[in-house]
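Undergrad: Take a look at the following structure, please.
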Amino acid sequence: MLVREWHSSLVRVAQIFVPTRSLAEEVVQETWLRVLGALDRFEGRSSLKTWAFRILVNTAKTRAQREGRVIPFSSLHDPPRIPEASVDPERFLADDHDRHPGGWSSPPPALPEDRLIAAETREVIAKAIDALPANQRAVISLRDVEGWSSEEVRNALDLSEVNQRVLLHRARSKVRQSLEDYLA
Amino acid sequence: MIDVEAFSCQELVELVTEYLEGALSPADLRRFEEHIAGCDGCTRYLEEFKLTIELVGALTPDDVSTEAESELLDVFRSWRAQSAGNQPES
């Protein structure tokens, strides 16, 4: 049944926009009603899933605004122009280094494999995702947790190909760093 | 002018998602792979980046709580009742 299959994903995506689980549940219920109410107007130009999630995103955004939660939606479409380093610049040799400019001065350490699948490690990852800016959290949640394609994410969040990739890369880079901070 | 300079490690770490998404130009793809082939630090970085993606993917989306599910069923019931009520009588 679609409802069961999509429900947890819908709640997760709604939680990107609204502050609490119960608000997210409400947003999802409202979304189902809107989806069902508009089903006969669904034109099949996108997949039913993409269409339903687009309705969810709109519903969640409206709800978030009503709740007075200010999310920089504009930044969903426009990642800050200031480049964010994937790795602390201090960990590289200077650009004018004579033998290895821009090379690692402090390369990534080996991660202990036995601790990777531990419950604590999962918690560290979940916390790192929670701590991301909303736009990065939205993209990594949909791409890497929910397993959506880049096209599905771009359609649901109305992002360009490049912006989707920039946000995904920033999110992944930060999660990798927190994994290293925790394990190494 | 074609830039034929090799990537530095600091440049390479910014390109990993582009690499994994298959979005690098053929020339950049070659530079990326040549760099990785000769650099232990970046090889490890790439491995850890892929591992991160795998571990993120292993997070389980929350299961539907029974309470949420029954609320949802109520929503459906009222929707069905409402739409049945709206049907023109034929």
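All of the numbers you see were taken from the coordinates with simple rules; none came from a lab. Treat the numbers as computed from the prediction; the structure is a model and nothing was measured. No Cβ is skipped: glycine too gets one built from the backbone with ideal geometry, and neighbour counts run over all protein chains shown.
Undergrad: Points 7 angstrom from Cα along the Cβ direction at A:Ser149 and A:Asp98: gap in nanometres?
TA: 5.4
Undergrad: Could you work out Rg/(2.2 N^0.38 Å) for segment A:74-183, with Rg from alpha carbons only?
TA: Rg over 2.2 N^0.38 Å, computed on Cα atoms: 1.22.
Undergrad: Another question about this same structure. Name all residues of segment A:8-44 having a backbone nitrogen under 11 Å from the label point set 7 Å from the Cα of B:Ser78 along its Cα→Cβ direction, giving them as ranges.
TA: A:30
Undergrad: Now for a separate question. Looking only at A:Phe92, A:Phe17, A:Phe53, which one moves most when chain A is put into a Gaussian network model with springs between Cα atoms under 10 Å?
TA: A:Phe92
Undergrad: Relative to the first principal axis of the alpha-carbon coordinates of chain A, what is the inclination of helix A:48-66, with its axis defined by its Cα atoms, in degrees from 0 to 90 and to the nearest 10?
TA: 80
Undergrad: May I ask which residue of A:Ala110, A:Phe42, A:Leu183 lies farthest towards the positive end of the charge dipole of chain A, with charges of +1 (Lys, Arg) and -1 (Asp, Glu) on Cβ and the Cα centre as origin?
TA: The residue sitting farthest along the positive end of the dipole is A:Phe42.
Undergrad: Right, next: For segment B:12-53, I need the span (max minus min coordinate) of the C-alpha atoms along each principal axis, in Å, sorted largest to smallest.
TA: 25, 22, 12
Undergrad: OK, next. Order of B:35-45, A:156-166, A:36-46 by packing, highest average Cβ count within 10 Å first?
TA: The most tightly packed comes first, giving A:156-166, B:35-45, A:36-46.
Undergrad: Beyond 14 Å, what share of the Cα-Cα pairs of segment A:2-66 is found? Please give it as a whole percent.
TA: Summing the P(r) tail past 14 Å for segment A:2-66 gives 51 percent.
Undergrad: Lysines within cross-link reach of A:Lys127: Cα-Cα under 25 Å, excluding same-chain residues under 8 positions apart?
TA: Filter leaves A:Lys61, A:Lys174, B:Lys50.
Undergrad: Quick check: net charge around A:Glu152, other residues with Cβ under 11 Å of its Cβ, Lys/Arg +1 and Asp/Glu -1?
TA: So the surrounding residues net to +2.
Undergrad: Quick check on chain A: helices-only [θ] at 222 nm, where DSSP H runs of length 4 and up contribute -39,500 (n - 2.57) each and the sum goes over total residues. Nearest 500, please.
TA: Only helices count here, giving -19000 deg cm²/dmol.
Undergrad: Between A:Glu84 and A:Glu180, what is the label-point separation in nm under the 7 Å Cα-to-beta-carbon projection?
TA: 1.6
Undergrad: Quote the convex hull volume per residue of chain A, based on C-alpha atoms, as a whole number of Å³.
TA: Cα convex hull per residue, to the nearest whole number: 148 Å³.
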